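Data first, discussion second: the structure below is written as C-alpha cells.
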Amino acid sequence: MNLKILLIIIGFINPQEQESFTHYSTQINQMYEDVGAVVTERFPIAQTLLGEEKPSFIMVVEFPNQQALQQLFTSEEYKELVPYREKAFSKLNVFLSTQ
C-alpha cells in the first residue's frame with residue numbers, strides 16, 4: 001500500500017521581504033515539480049475567526065512517496081534556498097500527513 005505524503009503549510013509572509021518570497025516561491029515550485037510533487041490546494045486567508053494570528057495562506061502539497069519528500073528536503077538546492085525562506089516568512093508552520 002502506497003500512502004500519499006502530504007505537506008500542509010501555513011505561511012505568514014514577511015511584507016518587508018517580497019523579493020525573497022518571490023524567489024523562494026519560484027524555486028520551491030520548480031523543486032516540487034522536479035520530484036513529482038503537486039500543489040493540490042492553495043487557500044489565501046481572508047480573516048481569522050478563532051485564534052490570535054492570521055496566516056497569509058494555507059497550502060497542501062502532495063508528494064508521490066516518502067523518497068521524493070526526502071530527496072527535496074535533503075538536496076543541496078533546497079539547503080541553498082533556506083536563507084530566502086527564512087527572510088520570506090515571519091512564521092512558517094509545516095506539517096506532514098499521510099492518507
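The values are calculated or read from the model by the stated rules, or taken from the named source; none is laboratory data. Computed from a prediction, not measured in an experiment: that's the story for all the values here. Every residue, glycine among them, receives a Cβ derived from its backbone with ideal geometry; neighbour counts consider all protein chains shown. Surface areas here come from the heavy atoms of the whole protein model, side chains and all, with no ligands, DNA or RNA. Shrake-Rupley method; radii C 1.70, N 1.55, O 1.52, S 1.80 Å.
Structure values in brief
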| read-out | value |
| --- | --- |
| Global form of segment 1-56, assessed from the alpha-carbon gyration tensor, a/c cut-off 1.5 | oblate |
| Derived scalar couplings ³J(HN,Hα) [segment 64-69; Karplus, 6.51 cos²θ - 1.76 cosθ + 1.60; whole Hz; x for Gly, Pro] | x, 6, 5, 4, 5, 4 |
| Local electrostatic count at Lys87 - Lys and Arg +1, Asp and Glu -1, tallied over other residues with Cβ under 11 Å | -2 |
| Average silhouette area of segment 57-98, convex hull of alpha-carbon atoms, in square nanometres | 3.5 |
| Extent along principal axes [Cα atoms of the chain; Å; largest to smallest] | 39, 31, 15 |
| In the chain, lysine pairs closer than 23 Å at Cα, eight or more apart or cross-chain | 4 |
| Long-range HN-HN contacts of Phe89 with modeled amide H, under 5 Å | Asn14 |
| Percent carbon-and-sulfur accessible area, the chain, ignoring ligands, DNA and RNA, probe 1.4 Å | 52 |
| Cβ-placed point charges (K, R +1; D, E -1), dipole of segment 25-77 about Cα centre in debye, nearest 20 | 180 |
| Extended-chain gain in nm, criterion 0.36 nm per residue less alpha-carbon gap, Thr26 and Lys54 | 7.7 nm |
| Charge dipole (debye, nearest 20) of the chain; +1 at Cβ of Lys and Arg, -1 at Cβ of Asp and Glu | 240 |
| Built amide H within the under 5 Å cut-off of Ser56, gap 5+ | Gly11, Phe12, Ile13 |
| Dipole in debye (nearest 20) - segment 1-59, about Cα centre, beta carbon charges: Lys, Arg +1; Asp, Glu -1 | 200 |
| Exposure of Thr40 as accessible area (Å², to 10), given a probe of 1.4 Å and all protein chains | 60 |
